[in-house]
Amino acid sequence: MTRINLTDDNGVQTANWFNRDSAEKFDEETYHNGQNWISKATGSQWEHEAVYITPKKRFLLNRWSDFQGSTETYEIISKTDAVEWLIKNEYYEEVEAAYAELLEKYEV
């Protein structure tokens, strides 16, 4: 089991944690701009993000940077923010599957 401490809005570790081994990870998608690989999540070649979904359906945003001295963070985000992130990174099938039941209720 790999326990990872969560961080607050300022990047300070809190007493909360999650088990990375039991969470589902969604890596950022990238594209090549002719010179570098650019993160679709951040629009940067140096700043990166991933989203984790825990078994208890908590949504976590993992941020890290290639810059020396930067700190990796894991913070809780809303389901809405997680869905926006997943769409931005082209996880359409995963979003559709998560909302399939809800969409069926409102289908015309």
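The values are calculated or read from the model by the stated rules, or taken from the named source; none is laboratory data. None of the values given here were measured: they were computed from a predicted structure. Note that we place each Cβ from the backbone using ideal geometry, even for glycine, and neighbour counts take in every protein chain shown.
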Conditions (1) within 19 Å of Arg20 (Cα to Cα); (2) modelled with pLDDT of 90 or more; number of the one not met by Phe67:
(1)
Considering Tyr99, Tyr106, Tyr92, which residue is under 17 Å from the mean Cα position of the chain (by Cα), modelled with pLDDT under 90 and not basic (Lys, Arg)?
Tyr92
Exactly one of these conditions fails for Pro55: (1) in contact (Cβ under 8 Å) with a residue 24 or more places away in the chain; (2) assigned to a strand (DSSP E or B). Give me its number.
(2)
(1) modelled with pLDDT under 90; (2) more than 30 Å from Ala15 (Cα to Cα) all hold for Thr80 apart from (2)
Are there any pairs with C-beta distances below 7 angstrom linking a residue in segment 67-91 that is assigned to a loop (DSSP other than H, G, I, E, B) to a residue that is among the small types (Gly, Ala, Ser) and surrounded by fewer than 16 Cβ atoms within 10 Å (Cβ to Cβ), with the two at least 6 apart or on different chains, and if so which?
Thr71/Gly11
